[in-house]
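Heads up: the structure comes next, in structure tokens.
The values are calculated or read from the model by the stated rules, or taken from the named source; none is laboratory data. Everything numeric in this text was worked out from a predicted model, so none of it was measured. Because the Cβ atoms are built from the backbone with ideal geometry, glycine has one as well, and the counts that use them run over all protein chains shown. Each accessible area value is taken on the protein alone, full model and side chains, heavy atoms only, with ligands, DNA and RNA left out. Shrake-Rupley method; radii C 1.70, N 1.55, O 1.52, S 1.80 Å.
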Amino acid sequence: MRPTEPLRSSATLALTVLLAGAMFGTAAAAPKKIGGYDSLGVVAGKSGGNLTLTLGDSPQSLNYYGAIDNNLGLISQQLFDGLVEFNYATYKLEPALAESWTISPDGKVYTFKLRPDVKWSDGEMFTADDVVFTYDQIIENPEARAGDAETFSQGGKKIPFEAVDKYTVKVTLQKPTPAFLLQMRNFIMPKHKLIKFSVEGGAKPADINSAWPTNVAPAEVVGTGPFKLSGYTAGQKVALVRNPNSWKVDAKGVKLPYLDTLDFLIIRDPQAAVAQFLAGNVDQLNITGAQFPDLKQKEVAGAPFKVTRNTALFGSPPFVAFNFDAKDAALAKVFSDLKFRLAMQSALNRQRMIDTVYNGLAGLPGHGVAPANKAFYANTKSSLGTFDLQAAGAALDALGLKDTDGDGIRNIAKGKNLEFDLTYGTDSSVYPAIATIIQNDFKQIGVKVNLQGILAKNLLSTGLSGNYQMILHAFGDQPDPELRRPIWEPGGALYYWHRSLQPATDGGTPNVAKMFPWEKEIYTIFETAAVTPDAAQRKALYTRWQLLFAHNLPVIPLLKPENIGAVSNKYGNYIYNLGVIPGYNPVPLIYQK
């Protein structure tokens, strides 16, 4: 996925959106018409039928903001909507629950006009109160596990959301925030169902996390999305049914989604998921390069499905990170040394990973920005270096990390080997093979790596806890670096390889004094770019950040996979959907032939 142009000025954007509102229908009770996707092969579909997808594990909750959970996100994508969403073809923002909006000339005041015809799936009217409640009581609540209080605060205060009238929301910023509209893709929640779990309703801040546990009655989970919850069988299946109050139609006025029902089978093993797909029990599957050859061969031989390849903007490029704050002080000192990280980068055989693990269906990565992102990508490939075990060994020698006792393992101190654990996801289709390649190559330069396997769903929490030494993980790319700020800005909530930079209190100032000089510069870049309206200046700032990233390696990116999907021939209008990208959900267009 790729944006086709940089962010524009506030005045131009405001005019554009007002025109967009007219194009997509701003008259009262007019649904949003979804059309113009001929280039993607989208045709008029027919209503009815079922689609079965997979989840890698059981959802931890049914409250999107109550748990950081990719599987919950996949379900929530079908249950809820944001104020804005992406166009499927251009990836530009267009109206969703907000039918239009304006931005003040100084870029500080956003006024959203909501669709007056939208109902929640239980029949209650959607209003400005729901939007204000969602941001003020949930997203800006620092105790909400999957909220985003840091992003929606300025000057230590929550960004105020105000209901001007029943269908108008005004947001007032302290300073211009060029990427603010992209943040408006956050899912809006029903106030009438969740107020009892909020501070406004008399609850404690953390109580919002207890809303909608997985054993909740399906009727309690209310949304505006294309589907609604119809049932959950623990450990087996999440069942959705068409939302009768869905507010979108196709180009001919037929109500979307086309499908009657949408099921998610819970299948933890990637190979078992493929087996279920081949057996016809799963209708669409996102796969990796490791799984591509077998499925493509079967497609060519006449199997009733097709396999598609897509250049990836969105998607999660894997990286390895060393814990700068490792509990072992000797390791923490080594991991924090740039010369060590550069040495280890020379021992990472990216091309072998691409060729053998992904079967060539991956490319070299960017540093925080996908190479397909024409708006922001800075070509940093030269900083990836080359795979050279001899050079890596020489660099470690220069650091004094030599094998002093003749056991074939370098020593980090007298009588102490250079040995550490590599934490990775055992249930991933690619991580085990990557981890093994790393272990074997590091062994050749006298570095002992012990593989520490855990479930992939626990990688983020393990990183955030600091309970690791080296970790193999991935974060998704986004069209604007501002959206990845919690990950790549030192002191950010997800900047877990140097956790000692975290602010003393949520929303506070990070521990700048403990930052390396390059981290201080990156911190300043993100703080500046967040309030710089000029597109060229923002691009220059983010170019500098990518160069600093490439030269200092807070983490070491490994590769950028292609997006690969397989879909049964029983379905039409399939558009590759990575998964949890709020504001990008082409499932409503899929129909059963």
Check on Arg544, open to solvent by 10 Å² or more (accessible area, probe 1.4 Å), in contact with a Gly (Cβ under 7 Å, 6 or more places away or on another chain), in contact (Cβ under 8 Å) with a residue 12 or more places away in the chain and not in a loop (DSSP other than H, G, I, E, B): no
Members of the stretch 380-389 found to be part of a helix (DSSP H, G or I) and open to solvent by 60 Å² or more (accessible area, probe 1.4 Å), listed by number: Lys381, Ser382
Tally, over the stretch 576-587, of residues that are touching a strand residue (DSSP E or B) at 6+ places or on another chain (Cβ under 9 Å) and either open to solvent by less than 10 Å² (accessible area, probe 1.4 Å) or β-branched (Val, Ile, Thr) (or both): 4
Residues being among the hydrophobic types (A, V, I, L, M, F, W, C) and either farther than 22 Å from Ala435 by Cα or touching a Pro at 6+ places or on another chain (Cβ under 7 Å) (or both) - total across the stretch 457-501: 9
Test: Pro190 is within 25 Å of the chain's Cα centre (by Cα), of a type outside the set (S, T, N, Q) and under 30 Å from Gln537 (Cβ atoms): no
All positions within the stretch 165-174 that are open to solvent by 30 Å² or more (accessible area, probe 1.4 Å) and farther than 25 Å from Thr224 by Cα: Thr172, Gln174
Filter pass, Phe340 being part of a strand (DSSP E or B), open to solvent by less than 60 Å² (accessible area, probe 1.4 Å) and over 30 Å from Phe292 (Cβ atoms): no
Matching residues in the stretch 390-410 - criterion: being over 34 Å from the mean Cα position of the chain (by Cα) and either buried (at least 19 other Cβ atoms within 10 Å of the Cβ) or closer than 30 Å to Lys539 by Cα (or both): Gly393, Ala395, Leu396, Leu401, Arg410
Check on Thr177, modelled with pLDDT of 95 or more, open to solvent by less than 30 Å² (accessible area, probe 1.4 Å) and more than 21 Å from Ile208 (Cα to Cα): no
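Condition check ((1) under 18 Å from Phe442 (Cβ atoms); (2) not aliphatic (A, V, I, L, M)) across all residues:
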{"position": "Ala347", "(1), (2)": "yes, no"}
{"position": "Thr356", "(1), (2)": "yes, yes"}
{"position": "Leu364", "(1), (2)": "no, no"}
{"position": "Gly368", "(1), (2)": "no, yes"}
{"position": "Thr380", "(1), (2)": "no, yes"}
{"position": "Ala391", "(1), (2)": "yes, no"}
{"position": "Asp397", "(1), (2)": "yes, yes"}
{"position": "Ile412", "(1), (2)": "yes, no"}
{"position": "Glu419", "(1), (2)": "yes, yes"}
Residue match in the stretch 135-151 (condition: closer than 22 Å to Ala30 by Cβ and hydrophobic (A, V, I, L, M, F, W, C)): no
Residue count for the stretch 214-236, restricted to those that are open to solvent by less than 60 Å² (accessible area, probe 1.4 Å) and part of a loop (DSSP other than H, G, I, E, B): 10
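So that you can scan it fast, the table gives a plain yes or no per residue for (1) modelled with pLDDT of 95 or more; (2) touching a Leu at 6+ places or on another chain (Cβ under 7 Å):
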{"position": "Gly35", "(1), (2)": "no, no"}
{"position": "Gly48", "(1), (2)": "yes, no"}
{"position": "Leu51", "(1), (2)": "yes, yes"}
{"position": "Asp69", "(1), (2)": "no, no"}
{"position": "Ile75", "(1), (2)": "yes, no"}
Single residue of Ser500, Ser461 found to be on the phi < 0 side of the Ramachandran plot, under 17 Å from the mean Cα position of the chain (by Cα) and surrounded by fewer than 16 Cβ atoms within 10 Å (Cβ to Cβ): Ser461
Test: residue in the stretch 143-164 that is open to solvent by less than 10 Å² (accessible area, probe 1.4 Å) and not in a loop (DSSP other than H, G, I, E, B): no
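Yes/no per residue for (1) within 23 Å of Pro479 (Cβ to Cβ); (2) open to solvent by less than 10 Å² (accessible area, probe 1.4 Å); (3) in contact (Cβ under 8 Å) with a residue 24 or more places away in the chain:
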| position | (1), (2), (3) |
| --- | --- |
| Ser47 | no, no, yes |
| Leu55 | no, yes, yes |
| Ser58 | no, no, yes |
| Asn63 | no, yes, yes |
| Gly82 | yes, yes, yes |
Top-ranked residue in the stretch 124-142 [being among the acidic types (Asp, Glu) and more than 16 Å from Leu97 (Cα to Cα); ranked as surrounded by the most Cβ atoms within 10 Å (Cβ to Cβ)]: Glu140
Evaluation of Ser121 against (1) of a type in the set (S, T, N, Q); (2) more than 20 Å from the chain's Cα centre (by Cα); (3) assigned to a strand (DSSP E or B) (one fails), failing number: (3)
Those residues of the stretch 438-457 which are under 22 Å from Gly406 (Cα atoms) and open to solvent by 40 Å² or more (accessible area, probe 1.4 Å), in sequence order: Gln439, Asn440, Lys443, Gln444, Lys448, Asn450
Boolean, Lys193 is more than 25 Å from Asp117 (Cβ to Cβ) and surrounded by fewer than 22 Cβ atoms within 10 Å (Cβ to Cβ): no
Condition met for Thr90 (more than 21 Å from Thr261 (Cα to Cα) and part of a strand (DSSP E or B)): no
Single residue of the stretch 343-368 satisfying the filter (among the polar types (S, T, N, Q) and assigned to a loop (DSSP other than H, G, I, E, B)) that is most open to solvent (accessible area, probe 1.4 Å): Asn359
Failed item in (1) out of contact with any Phe, Trp or Tyr (no Cβ under 6 Å at 6 or more places or on another chain); (2) among the small types (Gly, Ala, Ser); (3) surrounded by fewer than 21 Cβ atoms within 10 Å (Cβ to Cβ), with Gly491 passing the rest: (3)
Residue within the stretch 547-562 that is at negative phi, touching a Lys or Arg at 6+ places or on another chain (Cβ under 6 Å), outside any helix (DSSP H, G or I) and open to solvent by 20 Å² or more (accessible area, probe 1.4 Å) present: yes
Number of the exception - Tyr377 against (1) open to solvent by 20 Å² or more (accessible area, probe 1.4 Å); (2) closer than 24 Å to Thr436 by Cα; (3) assigned to a loop (DSSP other than H, G, I, E, B): (2)
